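The structure appears right after this line, and notes come after that.
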Amino acid sequence: MNVFMSLQQLDQLPRDFIKRKIMINLEQTKYKVIDEAVQLLEWKITPSEVECHIFWKDTYVTDEEYRRLLPYQRINHFPGSYMLGKKNELCRNLNRMRKMFPDDYDFFPRTWQLPYQSEEVRQKQGKAIFIVKPEANCQGRGIFLTKKLDPFLDKHYVVQEYLSNPYLIDGLKFDLRIYVLLKSIYPLKIFMYQEGLARFSTKKYVKPQKKNLGSVTMHLTNYAINKRSKDFVFNNDTNKDDVGHKRSLSSVLKYLQDQGHDINQLLNQIKKVIVKTIQSVQGDLTHLYRSQQHNTDGIEQCFELFGFDILLDSSLKPWLLEVNHTPSFSTDTPLDKIIKRNLIRDTLILLDVKNKPKKIYLDQKRAPVYQRPIKMSLEEKEKQQIKMSLYEDKHLNGYIKIYPDEIKDYYEQFMPPKLKERDSMINQQLEQFKNVERALKNYIEVKPSKSKNAKRLSTNQSLSDLDGQSLQQLTGRNTVIPQTRAVSQQRPFSSITTINRTISAVRKPVLSNQYQNLNTSQNQKRLVYPSPVEFHPKPVYKMIPIKNFSFQKIENNQKNE
Ligand code: ADP
């Protein structure tokens with residue numbers, strides 16, 4: 001059984017998605033395939049920076065661009081994703097992790113950053129062959145193999161031990177391009193696409209020797225380099241995706257399976273490489289993402305499609321060569337086109353972009369400040385996360401969820417300590433909320449005859465009836481319900497905030513009964529706000545003739561005669 005879908009199966013997969021009027025801004029991408037995928041979903045392409053729900057950009061996102069995003073908008077990069085995409089940054093992050101977890105982070109060839117680690121690498125010189133890479137180039141540009149590093153020790157390079165025993169197919173070296181969707185950084189959600197590419201070098205592989213070190217079409221598998229060779233065979237028939245120097249990932253996996261290799265085991269190893277690599281920057285990315293995040297009510301504003309380059313050695317161990325944060329979506333061959341079009345389409349479906357948050361945002365912009373919503377409570381966020389996970393599980397199409405998965409506990413140890421703390425803090429808070437909710441429910445439901453202290457809260461009573469009472473009797477916890485003002489005295493925003501933050505669980509039964517008829521507008525579905533009139537009864541002044549020579553305030557329900 002093939003664990004990966006074949007290219008044809010992937011292409012013909014019935015895709016279940018809800019048609020929505022979504023707008024995408026493609027002003028900053030040159031790739032036509034993005035446009036094609038968008039057409040398949042019947043989304044609209046717009047140059048507007050306000051109208052669009054999504055921005056798709058070929059390069060990374062700047063801080064300024066990220067800051068300017070409106071709360072309902074998304075962009076296809078995370079701020080700081082260069083921490084994976086730049087060779088020197090990746091080297092720094094994975095070396096740091098390897099120091100802490102030497103056995104778990106041994107999937108990255110030994111790598112040094114020059115000139116900072118020149119002393120360390122100088123000592124390694126001898127028999128080993130090194131591959132030297134410019135810090136921020138791509139497509140094999142400026143890469144070379146050498147035994148002697150002395151001339152380069154004071155320059156800015158990334159030096160890596162050369163893996164000289166790659167797995168060969170037809171005598172050729174190849175590497176795998178695996179597409180990975182980082183859908184959310186906190187909580188971490190990672191998906192791996194089932195189809196990708198295998199890029200072959202064009203010259204038969206021979207172990208590195210002094211005389212062949214300069215042969216780039218033997219040692220490097222980059223498409224950009226090898227396609228210029230007269231030996232390069234383009235794949236022009238998608239029904240035969242196992243021929244040529246660029247093939248489908250599934251065809252290579254099938255080949256390996258036919259050779260008797262355990263593909264499941266290989267895939268599990270690859271998944272671990274991907275998750276652990278992303279975990280190495282999770283702390284930094286989360287910090288950058290959250291430090292400028294708007295009140296998005298749970299919308300994941302950034303997502304990123306990475307290209308992971310994996311080399312298999314002769315024992316079929318996967319090695320991470322690099323991570324592309326701006327992988328190429330050019331479609332030179334029909335094979336590229338099928339794979340990338342489905343990849344982008346499935347990515348956009350998985351995002352579950354909706355129109356509603358935009359509508360709510362625009363409505364709220366027009367509403368007075370005190371009617372604007374406050375942040376979602378933890379509990380609401382948790383519910384939303386569960387809903388989102390259910391959606392994701394149903395709309396994977398060509399994706400596999402690789403984090404969280406059944407070995408989530410194994411990954412726990414690599415999680416940045418601050419996030420681990422945060423996780424447990426959030427869980428504690430949620431637990432507290434639930435306890436308070438349970439206690440209040442009991443309090444509301446308990447029958448007066450059965451309880452000595454508790455009184456039933458009738459529908460026309462408000463939270464202010466609970467003023468200052470200790471919850472200790474109710475919950476057994478040392479919590480006090482905050483003082484709430486009488487409705488007529490309430491300051492609209494602060495009191496609602498207090499109620500929401502502290503005892504969100506009881507907001508609905510009490511407030512909605514009081515104000516249910518006052519607000520019907522769409523954008524107030526989540527919270528039922530009292531109308532301004534209700535909060536600040538307009539005083540009506542009455543002229544008292546002759547005797548007192550003054551104005552006297554009367555109740556607003558008295559008619560002004
Ligand atoms: P680029 O971003 O320029 O493509 P890579 O790090 O991906 O740089 O390297 C280019 C190619 O060099 C890879 O596709 C692979 O074929 C080869 N290569 C890179 N690093 C190693 C290594 N450590 N051992 C063996 N081959 C390597």
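Nothing in this text is a laboratory measurement; each read-out follows from the coordinates by a stated rule. Everything quoted here is computed from the prediction, not taken from an experiment. All Cβ positions, glycine included, derive from the backbone under ideal geometry; neighbour counts span all protein chains shown.
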For Ser184, the residues 5 or more places away or on another chain with a placed amide H closer than 5 Å to its own amide H are Lys189
Karplus 3J(HN,Hα) series, Hz, for the stretch 139-154 with 6.51 cos²θ - 1.76 cosθ + 1.60 (x for Gly, Pro): 6, x, 5, x, 8, 8, 9, 7, 9, 10, 9, 3, x, 10, 4, 9
Going down the table (Lys276/Lys434; Lys19/Lys44; Lys148/Lys227; Lys317/Lys394), which pairs top 22 Å between alpha carbons? Lys276/Lys434; Lys148/Lys227; Lys317/Lys394
Please report, in debye to the nearest 20, how large the charge dipole of the stretch 22-117 is about its Cα centre when each Lys and Arg carries +1 at its beta carbon and each Asp and Glu carries -1 there. 500
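Taking all pairs of different Cα atoms in the stretch 3-129, averaging 1/r and flipping that mean, what Kirkwood radius in angstroms comes out?
On the way: mean 1/r = 0.0530 Å⁻¹.
For the stretch 3-129, the Kirkwood estimate is 18.9 Å.
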Kindly write out, for the stretch 217-234 in residue order, the coupling ³J(HN,Hα) from the Karplus curve 6.51 cos²θ - 1.76 cosθ + 1.60 (θ = phi - 60°), rounded to whole Hz, with x marking Gly and Pro. 7, 9, 9, 10, 9, 4, 4, 4, 7, 6, 5, 7, 6, 5, 7, 5, 10, 7
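Strictly over 18 Å apart at the Cα level, which of Lys271/Lys337; Lys99/Lys147; Lys86/Lys147; Lys189/Lys401 would you flag in this model?
Among Lys271/Lys337; Lys99/Lys147; Lys86/Lys147; Lys189/Lys401, the Cα-Cα distance tops 18 Å for Lys271/Lys337; Lys99/Lys147; Lys86/Lys147.
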Under 5 Å between amide hydrogens, which residues at least 5 positions from Lys173 or on another chain qualify, with H placed 1.01 Å from N in the peptide plane? Ser201, Tyr205
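Could you please rank Asp16, Asp336, placing first whichever residue has the fewest other Cβ atoms within 10 Å of its Cβ? Write out the running numbers ahead of the final one.
On the way: Asp16 9, Asp336 20.
Ascending number of Cβ neighbours within 10 Å: Asp16, Asp336.
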